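Here the structure is laid out as structure tokens; the discussion comes afterwards.
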Amino acid sequence: MPGTCVVGLQWGDEAKGKLVDILTEDHEIVVRYQGGANAGHTVVSGGETWKLSLIPSGILRDGVTCVVTGGVVLDPASVIGEIDMLEGRGVTVAGKLRLSDRAHVVFPWHMAEDAILNGSLSSGESIGTTGRGIGPCYRDKVGRSLAFRLGDLYRPTFRETFDHVFDVKQRFLEASRPGEMPKLDLDRNAVFQQYCGYAERLRDYVGETTNFLLDAAETGRPLLFEGAQGALLDIDHGTFPFVTSSNSSGVGVASGSGVPGRWINRVIGVIKAYSTRVGGGPLPTEQDNAIGEHLRQRGREFGTVTQRPRRCGWFDAVATRYTSRLSGVDELAVMLLDVLGGLEELKICTAYRIRGEVVDRFPSQIEDLQEAEPIYETLPGWPEELTDVRREADLPVNARRYIDRIGELLGRPVSIVSVGPDRAQTIFREGFPATAPCPPNPQQEQATV
Ligand code: GDP
Ligand code: IMO
Ligand code: MG
């Protein structure tokens, strides 16, 4: 039986949470396999809004098991906060959540390191991280000697290893900020006791997850993999160094969960109908003008985790064609289409001009992307509000043209269209291409820079 994967194809916040919540209806197990509390996934249902960070967005449905695998870096305080929030609002978590004993644990020193370094690069630029200790925790995982996995918190040797790591970290933090105490109060005993408390609180949720998922896959139980961040933030394949510290494209599913790719037979690439990015790094189609402001206001483009205003721009088909291929995407979900309403013209970037040369392949070097000037194709917009549309046939013709063109440029069918945050504001397209084909776009050939 199938495994489905939902992966963001841009720089995160593509509305993966909304889609995962919807698809959970047809899946028994929902899996978070990378990233950590840097993720902020929103689900809106029946007028209620849920913000989830580490717990999979499937948790709101009954009869679902939510698994956080060893590929995730886990901040225990954050998980406990989410469990309390959910239980406090009447959602059962007990018996539905499994946390991998292999997941690496985020400690206060990781957040302090994140704050001190603040993603600063030798170039003087800043990554603009979420400050959740993600990079430092993954760095310790790869380095091995200063790392703790969730299972380590239950070992009799925890105090001893904790003291050793604490000493090293204290020296590192003092050296990083000579004469200045780190922001966080790293009181040895208090932190140790705090983490022992977290371990007790989470004891019933912690266990093995890899064999659990392999058993499930091999016995045909439907699995749903929930990607965090977006493929352009992938540590290996994204816009390095302006990336996160995990494989946030489709390539991360197998390594993060332990479930081989052969068990995944449906990869849904999630895209916003335009582009957004939070933090530093190139965004070739950025609109630092009235268009960008229109998108930010209508799309409420402010970070779920850090509340930072998101940078906004036109849809970039060069970047998303690359990430669709990278993630093995079968079909596309175009989200926040309603936000484009009211714009007279819409632009889609179909190629870059880099130092005079026209390229349609996503560059591997950040300097090339920083210099990329987008080459746009212009399509007509639509004045109508889409938020009440529930059938494809009721979409304005220009809206259908727009999503068809995206599908064409990315070489994949658009099977889902979202026109508002609520579960109900979703259109599932029957068959592809659209049953009633769109008239051709008269402006399609009109390329502008
Ligand atoms: P995620 O990190 O990919 O799960 O996405 P976020 O939750 O961080 O950001 C997506 C935002 O868009 C959330 O505030 C959603 O409630 C909202 N949203 C989702 N789908 C739509 C849509 O179709 N239209 C509009 N206007 N908002 C949407
Ligand atoms: P979801 O799952 C958008 C960005 C940060 C920063 C860079 C590195 O909600 O889509 P990190 O704290 O991971 O070291 O920061 O990555 N970033 C995200 N941007 N959505 C996210 O998650 C993000 N998680 C990290 O803004 O630029
Ligand atoms: Mg988000």
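Descriptive notes on the structure:
- Test for THR42: is it within 13 Å of ligand 3 (Cβ to nearest atom), of a type in the set (Ser, Thr, Tyr) and either at positive phi or surrounded by fewer than 24 Cβ atoms within 10 Å (Cβ to Cβ) (or both): yes
- Under the condition of being in contact with a strand residue (DSSP E or B) (Cβ under 6 Å, 6 or more places away or on another chain) and either open to solvent by 40 Å² or more (accessible area, probe 1.4 Å) or modelled with pLDDT of 95 or more (or both), the residues counted in region 279-297 number 8.
- In region 301-323, the residues that are within 15 Å of ligand 3 (Cβ to nearest atom) and closer than 19 Å to SER248 by Cβ: GLY303, THR304, VAL305, THR306, ARG308, ARG310, ARG311
- The set of residues from region 104-141 being part of a helix (DSSP H, G or I) and within 16 Å of ligand 1 (Cβ to nearest atom) comprises just one member, ILE134.
- Only one of LEU214, LEU173, LEU153 that is in contact with a helix residue (DSSP H, G or I) (Cβ under 6 Å, 6 or more places away or on another chain), in a helix (DSSP H, G or I), more than 16 Å from ligand 3 (Cβ to nearest atom) and more than 30 Å from GLY281 (Cβ to Cβ): LEU153
- Residue tally, condition away from ligand 1 (no atom under 13 Å from the Cβ) and assigned to a strand (DSSP E or B), over region 31-61: 1
- Criterion applied to GLY95, GLY70 was being within 19 Å of GLU226 (Cα to Cα) and part of a loop (DSSP other than H, G, I, E, B), and the one residue passing it is GLY70.
- Subset of region 103-118 (residues that are surrounded by fewer than 20 Cβ atoms within 10 Å (Cβ to Cβ) and touching a helix residue (DSSP H, G or I) at 6+ places or on another chain (Cβ under 8 Å)): ILE116, LEU117
- Candidates ARG89, ARG61, ARG98, filtered to the one that is within 22 Å of THR426 (Cβ to Cβ), among the basic types (Lys, Arg) and away from ligand 2 (no atom under 16 Å from the Cβ): ARG61
- Within region 335-365, considering residues that are assigned to a helix (DSSP H, G or I) and either within 16 Å of ligand 3 (Cβ to nearest atom) or touching a Ser or Thr at 6+ places or on another chain (Cβ under 6 Å) (or both), the one least open to solvent (accessible area, probe 1.4 Å): VAL339
- In the set (1) open to solvent by 10 Å² or more (accessible area, probe 1.4 Å); (2) closer than 20 Å to GLY151 by Cα; (3) without any contact (Cβ under 8 Å) to a residue 40 or more places away in the chain, LEU54 fails one condition alone, (1).
- If you go through region 249-276 and keep only what is more than 19 Å from SER364 (Cβ to Cβ), in a loop (DSSP other than H, G, I, E, B), hydrophobic (A, V, I, L, M, F, W, C) and open to solvent by 10 Å² or more (accessible area, probe 1.4 Å), you end up with just ILE264.
- Total residues in region 274-298 satisfying the condition of being among the small types (Gly, Ala, Ser) and within 16 Å of ligand 3 (Cβ to nearest atom): the figure is 2.
Okay, residues lined up against (1) free of Cβ contacts under 8 Å to residues at least 60 places away in the same chain; (2) within 16 Å of ligand 1 (Cβ to nearest atom); (3) surrounded by 16 or more Cβ atoms within 10 Å (Cβ to Cβ):
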position: GLY143; (1), (2), (3): yes, no, no
position: TYR154; (1), (2), (3): yes, no, no
position: GLU160; (1), (2), (3): yes, no, no
position: GLU208; (1), (2), (3): no, no, no
position: GLU226; (1), (2), (3): no, yes, yes
position: LEU232; (1), (2), (3): no, yes, yes
position: PRO241; (1), (2), (3): no, no, no
position: ASN247; (1), (2), (3): no, no, yes
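- When residues of region 332-372 are limited to those that are of a type in the set (Asp, Glu) and touching a helix residue (DSSP H, G or I) at 6+ places or on another chain (Cβ under 9 Å), the one modelled with the highest pLDDT: ASP338
- Among the residues of region 305-331, the ones that are at pLDDT 95 or above and assigned to a strand (DSSP E or B) come to 6 in all.
- Single residue of region 298-322 satisfying the filter (within 13 Å of ligand 1 (Cβ to nearest atom) and open to solvent by less than 40 Å² (accessible area, probe 1.4 Å)) that is farthest from LYS347 (Cα to Cα): VAL305
- Some residue of region 324-334 being of a type outside the set (Val, Ile, Thr), within 16 Å of ligand 3 (Cβ to nearest atom) and farther than 21 Å from GLU125 by Cβ: yes
- Cβ pairs under 6 Å, 6+ apart, first in region 402-426 and within 14 Å of GLU331 (Cα to Cα), second of a type in the set (Gly, Ala, Ser): LEU409/ALA317; LEU410/SER324; ARG412/SER324; PRO413/GLY407; VAL414/GLY407; ILE416/ALA333
- Of all residues in region 104-134 being touching a residue at least 60 places away in the same chain (Cβ under 8 Å) and charged (D, E, K, R), the one that is nearest to ligand 2 (Cβ to nearest atom): ARG132
The values are calculated or read from the model by the stated rules, or taken from the named source; none is laboratory data. This one's a predicted model, so the numbers in the text were calculated from it and none came from an experiment. No Cβ is skipped: glycine too gets one built from the backbone with ideal geometry, and neighbour counts run over all protein chains shown. Accessible surface areas use protein heavy atoms only, side chains included; no ligands, DNA or RNA. Shrake-Rupley method; radii C 1.70, N 1.55, O 1.52, S 1.80 Å.
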